[in-house]
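I have a structure here, written as structure tokens, and I will follow up with some questions on it.
The values are calculated or read from the model by the stated rules, or taken from the named source; none is laboratory data. This is a predicted model, so every value here is computed, not measured. Here Cβ is always computed from backbone atoms with ideal geometry, including for glycine, and neighbour counts include all displayed protein chains. Heads up: the accessible areas ignore ligands, DNA and RNA and are worked out on the full protein's heavy atoms, side chains in. Shrake-Rupley method; radii C 1.70, N 1.55, O 1.52, S 1.80 Å.
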Amino acid sequence: QVQFVESGGGLVQPGGSLRLSCTTSEMIFRIYPIGWYRQAPGKERDEVGGISTDGRTNYVDSVKGRFTISRDNTKNTVYLQMNGLKPEDAAVYYCNAYPGTLDSWGQGTQVIVSS
């Protein structure tokens, strides 16, 4: 079964930063682009952006210039560096294949943006 493990969430003040991590199996990491997704309370899960296997990135407009996705091929890990966090960025963040997701989702990691 495909597994994605997200970590790094927490409570941060508006304007602050967090770095999220996503780890998956070597096979998935090598074959699929990996994306970040988020789900705020009462809302559907939305795409944040993704990174291809060769490092090309794509972001939704609302996070461009603030969020950066990177990957460490030695650790089968994708990162989401979030700067300039806003209250509307608060959500549970997930990773999965990108842009077409696989059926198995991890538990996600919660990001709270509050003063």
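Tell me, please, whether a residue that is assigned to a loop (DSSP other than H, G, I, E, B) and within 23 Å of Gln3 (Cα to Cα) can be found in the range 76-85. Full working, then the answer.
Narrowing the range 76-85 to residues assigned to a loop (DSSP other than H, G, I, E, B): 76, 83-85.
Still in the list and also within 23 Å of Gln3 (Cα to Cα): 76.
Checking the range 76-85: at least one residue is assigned to a loop (DSSP other than H, G, I, E, B) and within 23 Å of Gln3 (Cα to Cα).
Still on this structure: Could you check how many residues of the range 31-71 are touching a strand residue (DSSP E or B) at 6+ places or on another chain (Cβ under 7 Å) and among the acidic types (Asp, Glu)?
Total satisfying the criteria: 2.
Go through (1) surrounded by fewer than 17 Cβ atoms within 10 Å (Cβ to Cβ); (2) within 16 Å of Cys95 (Cα to Cα); (3) among the acidic types (Asp, Glu) and name the single condition Asp61 misses.
Every condition holds for Asp61 apart from (2).
Something else now. Among the numbered criteria (1) in contact with a Ser or Thr (Cβ under 8 Å, 6 or more places away or on another chain); (2) touching a residue at least 24 places away in the same chain (Cβ under 8 Å); (3) of a type in the set (S, T, N, Q); (4) not in a loop (DSSP other than H, G, I, E, B), which single criterion is violated by Thr68?
Checking Thr68 against (1) in contact with a Ser or Thr (Cβ under 8 Å, 6 or more places away or on another chain); (2) touching a residue at least 24 places away in the same chain (Cβ under 8 Å); (3) of a type in the set (S, T, N, Q); (4) not in a loop (DSSP other than H, G, I, E, B), the one that fails is (2).
I'd like the full set of residues that are β-branched (Val, Ile, Thr) and either free of Cβ contacts under 8 Å to residues at least 24 places away in the same chain or more than 14 Å from Val111 (Cα to Cα) (or both), limited to the range 8-29.
We begin by selecting, within the range 8-29, every residue β-branched (Val, Ile, Thr); these are 12, 23-24, 28.
Listed by number, the residues that qualify are Thr23, Thr24, Ile28.
Being of a type in the set (D, E, K, R), modelled with pLDDT of 95 or more and outside any strand (DSSP E or B): is that true of Glu88 here? Please lay out each step first, then the result.
Numbers: of a type in the set (D, E, K, R): yes; modelled with pLDDT of 95 or more: yes; outside any strand (DSSP E or B): yes.
Taking the combined requirement at face value, the residue satisfies it.
Run down Gly8, Gly55, Gly16 and say which single residue is closer than 23 Å to Ser114 by Cβ, open to solvent by less than 60 Å² (accessible area, probe 1.4 Å) and touching a Lys or Arg at 6+ places or on another chain (Cβ under 7 Å). Walk me through it before giving the result.
On the way: Gly55 fails: closer than 23 Å to Ser114 by Cβ; Gly16 fails: touching a Lys or Arg at 6+ places or on another chain (Cβ under 7 Å).
Matching residue, one of Gly8, Gly55, Gly16: Gly8.
Identify the residue in the range 19-46 that is over 12 Å from Ala91 (Cβ atoms) and part of a strand (DSSP E or B) and, among all such residues, is farthest from the chain's Cα centre (by Cα). Even if it seems obvious, please write down each step before you answer.
Let us first name the residues in the range 19-46 that are over 12 Å from Ala91 (Cβ atoms), namely 19, 21-35.
From the residues that got through so far, the ones that are part of a strand (DSSP E or B) too are 19, 21-24, 34-35.
Details: Arg19: 9, Ser21: 7, Cys22: 7, Thr23: 11, Thr24: 13, Ile34: 9, Gly35: 6 Å.
Checking each candidate, the answer is Thr24.
Condition first: surrounded by fewer than 14 Cβ atoms within 10 Å (Cβ to Cβ) and within 26 Å of Gly42 (Cα to Cα). Now tell me which residues in the range 64-80 satisfy that.
So the first thing to find is which residues in the range 64-80 are surrounded by fewer than 14 Cβ atoms within 10 Å (Cβ to Cβ), and the list is 64-65, 70, 72-75.
Passing the criteria: only Lys64.
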